[in-house]
Structures are given as structure tokens and as C-alpha cells.
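Have a look at the structure below, then the notes.
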Amino acid sequence: MNPGWDFHALAPLIVIVITIVVVLFADFFFEYRGRFRTSQFATFGVLAAMVPVVTLAVDGGTRVMFGGAIVVDPYALTMQGFFLVATYITLLISVDYIGDGDYYQGEFYVLMLTSLLGMLVMTTARDMISIFVALETISIPTFVLAGWRKHDRKSNEASIKYYLIGVISSALMLYGMSLVFGLTGSTLLSEISTKVASIDEPLLIVAVFLTLVGFAFKVSAVPFHFWAPDTYEGAPTPVTAYLSVASKAGGFVALLTIVYFGFFDAPDTWQPVIWVLAAASMLLGNLAALRQTNIVRMLAYSSIAQGGFLLVPFAVAADGGAAKASFEAVIIYLLIYGAMNLGAFAVVITLARRTKSAEIESYAGLGSYAPWLALLMSAFMFSLAGVPPFAGWFAKFVMFRSVLEAGTPAATVLGVIAAVSSVIAFFYYARVAREMWFHSVREGADASPVQMPIALTFAMGVCGVIVLAVGVYPQAFAFLGDFAAGG
Amino acid sequence: MILAQFLVLAAVLFCIGVYGVLARRNGVLVLMSVELMLNAVNINLIAFSAYLRETSGQVFALFVITIAAAEVGVGLAIVLLIYRNISSPDLDQLDQMSG
């Protein structure tokens, strides 16, 4: 029997699996001093996996495998490219941090690549079983990564909080999925989508609600966000960058897949839930970020709020002619958010190597002794706030465009809430810039030039170029969004 | 077959699990409560699968069992790590961060 394996379509996954095995074994054979080379294998593997993604994209078309459980289409390829680039940049910003701290290097890269493997599977999953397996493959390695500093109680606390929330959300999601299976008689999203509109059972509302709550925990939407600031603060900073960008995007891809390819024809069951999550995340996330003094906690609340902005297109997706516009909006927003947030974390890590502090006050006077770093940080902050000419404005633009295409009263109210919370957000992002440019260096602080490791500089450079280039020439990412939505 | 009894059993088991996760302070007991929640899902899946004569639910249950084992393995490792650092399985003692 020929199971119909399409090795071209599976090539990115195969390359990453080979890389995981190579990195795992390389760690045994290298002398202690040569361990840094494992990171080179890891980064090389991630870049190599880009090649089949590009050739598949050039090839075009949709490849269906395993009875429809795995589908490689333009949407999957766009998101695979995003996850590979995001992981590549995370690896670059991890190298010096992990090397300095003398942490277990080989295992760190193996776990990060395993999580990446889960994300690549997630982009192609079109069946509840494969979505669940992919989601757990993303999550389980990150539980361990969050507790990477074994003897630090804060890191322990980050790990157990993240772990407990992770398993509880999986259990809720699974309970919801088991009810969906019972009501529709299938785990395939394509079959669920044909039956879901004709089911007139109140149980369907419970089933969809529980499934969505599971995902809401994963993407840290308010009121399921309380774990995020503690986990982000306690985990090693490169892991925090990874959680707030790649892992969060994994949750959003799962949500996008299950809403668009599964529950789309029963909008009454999911739209009100997502509306509430979006509104609460935007308002509470931004208000809580205002009073943070630690930059990592501030970025944690900022990422909760950005998650709220990302949920806005979902909440209006089935209204009017907004389906395609909101699908594109989610993808474009994710791509831009990834670049600007990873860039901000790269600057935070560079400075933390020197100041050993994550307080916003320690950024005082940065503009006078490290002008380039301050300039980049300001660019990322204003981009997150959505100020032109940085890429963030385009992300906000596509989000508001989906709201306008929907045009219903509920969508308009959500648009107003989004606009108000964007204004609130501007204050705390601008506060970091004010600290860097308008405050003088604190007494006793070291004001010699900041040491810039090459990997971190390169990571910051790539993020900075993307943020500026997309801000000036948004067609570049608009094209990707259009490609992902199927032309 | 009578589907409702299995669903009620699963719902009760799931609620006991949720209660355990929220009320227990001992890390090991929290993990056991999580297991109850996941096994409630398995009962649901297998009951529906038998009722609908559709095997994919049983396949789903097999995946849930496998992954639950991996999850609990990682969870026990984390609880053990915390026990080494603070000499107690009491999760409420981990409260260094808030706000």
C-alpha cells in the first residue's frame, strides 16, 4: 500500500528532525570548550529548512496528505517561513546569553528546535488530532526552557506557573474538542466545517467555548493572562522573547486554523467570545503596562495587549465581506509583531549583559553613550506603538481595515476600543524613549560604550531593517498576506 | 448503548479535576488532578467513538494518553526541581513575583 508520502512537502520537517538529532549527538562529542559549535549546527539547520519552504512556495498549489490531516498550502508555507526566521533570530540572541551563563547548551538548542518542529507541523495541521499533537510539541519543550536556570527560584516559579497553565488549558481545549467530535462525528476540520452550521444544539456553544478558552490561555488573552508576566520575568530573557513571539504565534496559528477551517460557518458560537477576549486584552493589557517599572514585565503586558489587537480581526471575521481582509490582517500583524518584538528583546538582552538590570530606569541616558542602540530601541518602541514610518503602523492599519470591511455595530465598537487603547499604549512605549534620550545617566552607572556581540548586533540589524523597510514599503508584507490568503 | 451516563461520568470527573487543580497546594496532587481532567476527555472520546461507530475518536484518545504521559513526566521533573530548591512540594511558597 502506498501511503502517498510527498517528501517535497515534508522536507522542512525532515530537515529540522535531522538537525535535532545532529545537535543532540554533537553535544556528546564536543569538548567542553567547543560546545558553542552546537549553536552553529542549530542555526545552519534552521536556514537549511528555509530552502524547501521557498521551493514549495515557487511550486505553488496545495498538497493534501494523510487523509487531509496535513495540508501544505500557501498559508502553511508563509507561516513556516515566519517561524523559521523568528527561531533563527531567537537562536542568534540566545548564543551569548546561554554561553555567558554556562547553561546546558546542547539541550537548550535541542528543546528550542523541537518546539520549532511543533510550530512547523501546526501550520500544516488540518485535523483536531494533529493540531493537538503540534500544540503539545510546541508547549512541552518551552515548559523546560522557562525553568532553564535550575537554581534560581524565580526561574522555577516561571516554569511551574507556565506548566500548570499549559496543561490546564490543554485539558480544557481537549474537553471542548471531544464534544466537537461527538457533535460532528469527525476530527477532520474539513468535515467539521460542513456540519457545524446545521447543528442546532446548545452543547455546540459549550464545546466551541471550551476549545477557545484553551487557546486563550496559550495566547495569554485577558482574563487568562495572569501567568504571562510572571513567566516572562522569571524565564531566561531569550526564552521570554521566544515565548512572546514564536510560541504565541503558534497559538494564533492554531486559532486561525480552527476558526477559519473548522467553526467558520457557525459564527454565533465563537465571535462573541473572541470579541470579549479582544476588548479585555487591549484595555487591561495596556492599562497594566502603564504602571510597570521592569522592562520585561512591561513587554509582557505589551504582548498581552498586542494579542488583543491580533484578536480584533477574528472577532469581526464573519461579518460583511471581512473574511479575507481579516485573515490577511492576522497574518500580516503576526509577521510585523514578530520583527519588532524580537528586536526589542535583542536590545534588552544586550543591555542586561552590562547593567544586570531590567529596570526601565537603568536605560537613563542611553542616547548619550550608545546612540545606535537607543535609536534602534526607540524604533522598536514606536513601531510597537504604531507610529509611522515604522512597520507597526501597517499592522494597525490592516487591523482597522478588517474592522471597516465588517462594518457592523459590534465591529465599530471594537474598533473604537482598539483606537483608545492604542493611544494609552503610546504613553508607556514613549516613556522608554524619554528615559533614553531626555534623562541623564544616573550617578554611579557605567557610561562607557556598550559591548556589542556580533550575533546580537546581527539580530538587531535584521529586525531593524524589517521594521523600517516594511514601514516605508508595506507592499512587501501585503504581498505575503495576499499570498497566504490564496492569491 | 446509553451515551448519557458516560458523558455525565466524564463531566463529573472533569469537574473533580478542575477542583483539585484549583484547591490543592501540593504539586504532586495538582498533577494527579490534571490526570483526572485528561482521563475525563478520554472517556468522552471513547464513548462518542463507540456511539457513532467512528474510530478516529479512539485514535485521538491514544494520542491523548501518550502526550499526557510526556506532560506529567515533565511536570514531575519540575516539581522535583522545586522540591530540591525549597525543600517543600508546596506550590504556594513560590510567590516571588506579582503585579
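Answer rounded, prolate or oblate for chain A, using the Cα gyration tensor with square roots of eigenvalues a ≥ b ≥ c: rounded when a/c is under 1.5, else prolate when a/b is larger than b/c, else oblate. Because a/c hits 1.5 or more and a/b fails to exceed b/c, chain A counts as oblate. Only Lys, Arg, Asp and Glu carry charge here, each on its Cβ (+1 for the first two, -1 for the last two); on that basis chain B has a dipole of about 120 debye about its Cα centre. Distance between the modelled labels on residue A:368 and residue A:50, one decimal in nanometres: 4.0 nm (7 Å Cα→Cβ projection). Could you give the longest part of chain A that holds none of the trypsin sites (Lys or Arg not before Pro) found in DSSP loops with at most 16 neighbouring Cβ atoms within 10 Å? In chain A, the maximal stretch lacking such sites is A:1-149. Note on region A:72-189: dipole from Cβ charges, positive end direction compared against A:179, A:167, A:146; the farthest Cα belongs to A:179.
With runs of 4+ DSSP H residues as the only contributors, calculate the mean residue ellipticity of chain B at 222 nm using -39,500 (n - 2.57) per run, divided by the residue total and rounded to the nearest 500.
Values: 3 runs with 78 residues, N = 99.
When only DSSP H runs of four or more count, the value is -28000 deg cm²/dmol.
Here is the tail figure for region A:116-259: Cα pairs spaced more than 21 Å apart come to 42 percent of all pairs.
Counting Cβ atoms of other protein chains within 10 Å of each residue's Cβ and taking the mean over peptide A:157-168 gives 6. On a C-alpha basis, how far is the centre of region A:246-265 from the centre of region A:310-352 in Å? Whole number, if you could? Value for the Cα centre distance between the two parts: 13 Å. Cα centroid separation, region A:367-397 to region A:274-295: 20 Å. Expressed as an acute angle from 0 to 90° and rounded to the nearest 10, what is the orientation of the C-alpha long axis of helix B:56-86 relative to the principal long axis of chain B? With both axes taken from Cα atoms, the answer is about 10 degrees.
Quick check: from the Cα gyration tensor, does chain B come out rounded (a/c under 1.5), prolate or oblate? Because a/c hits 1.5 or more and a/b exceeds b/c, chain B counts as prolate. In terms of other Cβ atoms within 10 Å, A:130, A:190 run from fewest to most in the order A:190, A:130. Chain B: which trypsin sites (Lys or Arg not before Pro) are DSSP loop and have at most 11 other beta-carbon atoms within 10 angstrom? Passing sites in chain B are B:53.
Hey, with R₀ at 51 Å, roughly what FRET efficiency would residue A:427 and residue B:53 work out to, going by the Cβ-Cβ distance, to 0.05?
Result of the calculation: an efficiency of 0.30.
To the nearest ten degrees, helix B:3-23 and the longest principal axis of the Cα atoms of chain B are 10 degrees apart. Across peptide B:54-60, the mean count of Cβ atoms from other chains lying within 10 Å of each residue's own Cβ comes to 5. Of the residues A:71, A:373, A:322, the one whose Cα sits farthest towards the positive end of the charge dipole of the protein assembly as shown is A:373 (charges of +1 on Lys and Arg Cβ, -1 on Asp and Glu Cβ, taken about the Cα centre).
Charges only on Cβ, +1 for Lys and Arg, -1 for Asp and Glu: so what's the dipole of chain A about the Cα centre, in debye to the nearest 20? Intermediate results must be reported in sequence, preceding the final value.
Numbers: 24 positive and 29 negative charges, 178 e Å.
The calculation lands at about 860 debye.
Fully extending the segment from residue A:359 to residue A:28, taken as 0.36 nm per residue of separation minus the present Cα-Cα distance, adds 115.3 nm. Rounded to the nearest 20, the Cβ-based charge dipole of region A:266-487 about its Cα centre (Lys and Arg +1, Asp and Glu -1) stands at 400 debye. Ordering A:184, A:269 by the number of other Cβ atoms within 10 Å of each residue's own Cβ, fewest first, gives A:269, A:184.
Cβ neighbours within 10 Å, averaged per peptide: list B:28-34, A:445-451 in order, most packed at the top.
Details: B:28-34: 19.3, A:445-451: 11.9.
Most protected by this proxy first, the peptides run B:28-34, A:445-451.
Using helices alone, what [θ] at 222 nm do you get for chain A, with -39,500 (n - 2.57) per DSSP H run of 4 or more residues, divided over all residues and rounded to the nearest 500? Please list the in-between numbers first.
On the way: 20 runs with 368 residues, N = 487.
Taking each H run of at least 4 residues, the total per residue is -25500 deg cm²/dmol.
Spin-label model, residue A:440 to residue B:77: label points 7 Å out along the Cα-to-beta-carbon direction sit 5.2 nm apart.
Filter the cross-link list A:218/A:356; A:248/A:396; A:150/A:218; A:161/A:218 down to pairs whose alpha-carbon distance in this structure exceeds 21 Å. Intermediate values should be presented prior to the final figure.
Working: A:218/A:356 30 Å; A:248/A:396 18 Å; A:150/A:218 24 Å; A:161/A:218 13 Å.
Over 21 Å apart, Cα to Cα: A:218/A:356; A:150/A:218.
The mean number of partner chain beta-carbon atoms within 10 angstrom of a residue's beta-carbon across peptide B:78-85 is 5. Across chain A, the mean sequence separation of Cα contacts (distance under 8 Å, 6 or more residues apart), normalised by length, yields a relative contact order of 15 percent.
Let's test the formula: R0 of 41 Å, r as the Cβ-Cβ distance of residue A:268 and residue A:153. What FRET efficiency results, to the nearest 0.05?
Working: r = 46 Å, r/R0 = 1.13.
So, using R0 = 41 Å, E works out to roughly 0.30.
The spacing between region A:184-235 and region A:36-56, judged by their C-alpha centroids, is 33 Å.
Near residue A:398, once Lys and Arg are set to +1 and Asp and Glu to -1 for all other residues with Cβ below 14 Å from its Cβ, the sum equals 0.
Every read-out reported here was derived from the displayed coordinates using simple, explicitly stated rules and does not represent laboratory data. Predicted model, so just to flag it, every value in this text is computed and none were measured. We place every Cβ from the backbone using ideal geometry, glycine too, and count neighbours over all the protein chains shown.
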